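J.: First the structure, then my questions, so here it is.
The values are calculated or read from the model by the stated rules, or taken from the named source; none is laboratory data. None of these values were measured; they are calculated from a predicted model. As a convention, Cβ positions derive from the backbone with ideal geometry for all residues, glycine included, and neighbour counts pool all protein chains shown. Heavy atoms of the whole protein, side chains included, go into the accessibility calculation; ligands, DNA and RNA do not. Shrake-Rupley method; radii C 1.70, N 1.55, O 1.52, S 1.80 Å.
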Amino acid sequence: MEKIAYLVIGAALGVVLTLILKPIQSIDTAVMPMMEANKMAVPMLDMHQHPLRNVAPDKPVPSVIHLVFPDIMGGYNVQIIPKNFEFTAAAINREVKNNQGHAHIYVNGIKVSRVYSKWYYLSAGFLKPGENTVSVTLNANDHSEWAINGGRILSNVRVVKAE
């Protein structure tokens, strides 16, 4: 019985380590503001566009990357890794403060949800079979998108869902 318990624990640890060490991510992840060429990768992102809000020039420049991991129960776990940005869920719809707010998550250019922390569970139902683009934007408390020189602060990750 003890050997079976160790086997189950070892298998579970192996699954967790596989998920942590092998995110579904492609070279399409942007760590800088979205440029015109990057818009072509996600043409529908403009369907639910909020106004852009440039970060104050005297403030640190925020950036974001994200990773997408398959969840063993189905769907995907999205880890959002911002730099020079603070999630402030309690301040939603309140005064805008530089480098604070929340994120928005998009699948193939369609807004899925607001995100108030560094982790989000993404249901597999939002992805079509084949290649998909999961995008994350950084947004101010008033939902405007943080920008640098008029370019969105955005991260894109390609995710392939089995057919």
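J.: Residues that are open to solvent by 40 Å² or more (accessible area, probe 1.4 Å), modelled with pLDDT of 95 or more, touching a His at 6+ places or on another chain (Cβ under 9 Å) and over 18 Å from residue 153 (Cβ atoms): does segment 81-91 have at least one?
T.: no
J.: Please go through segment 100-116 and give me each residue that is open to solvent by 10 Å² or more (accessible area, probe 1.4 Å) and part of a strand (DSSP E or B), ordered by number. Steps first, answer last, please.
T.: First pass over segment 100-116, keeping only residues open to solvent by 10 Å² or more (accessible area, probe 1.4 Å): 100, 108, 110-114, 116.
Selection gives 100, 110, 111, 112, 113, 114.
J.: Quick check on residue 134: is it among the aliphatic types (A, V, I, L, M), farther than 23 Å from residue 91 by Cβ, open to solvent by 30 Å² or more (accessible area, probe 1.4 Å) and in a strand (DSSP E or B)?
T.: no
J.: Taking the condition of being buried (at least 18 other Cβ atoms within 10 Å of the Cβ) and touching a residue at least 40 places away in the same chain (Cβ under 8 Å), how many residues in segment 117-126 meet it? It would help to see each step written out before you state the result.
T.: Taking segment 117-126 first, the residues buried (at least 18 other Cβ atoms within 10 Å of the Cβ) are 120, 122, 126.
Keeping just the survivors that are touching a residue at least 40 places away in the same chain (Cβ under 8 Å) gives 120, 122.
Selection size over segment 117-126: 2.
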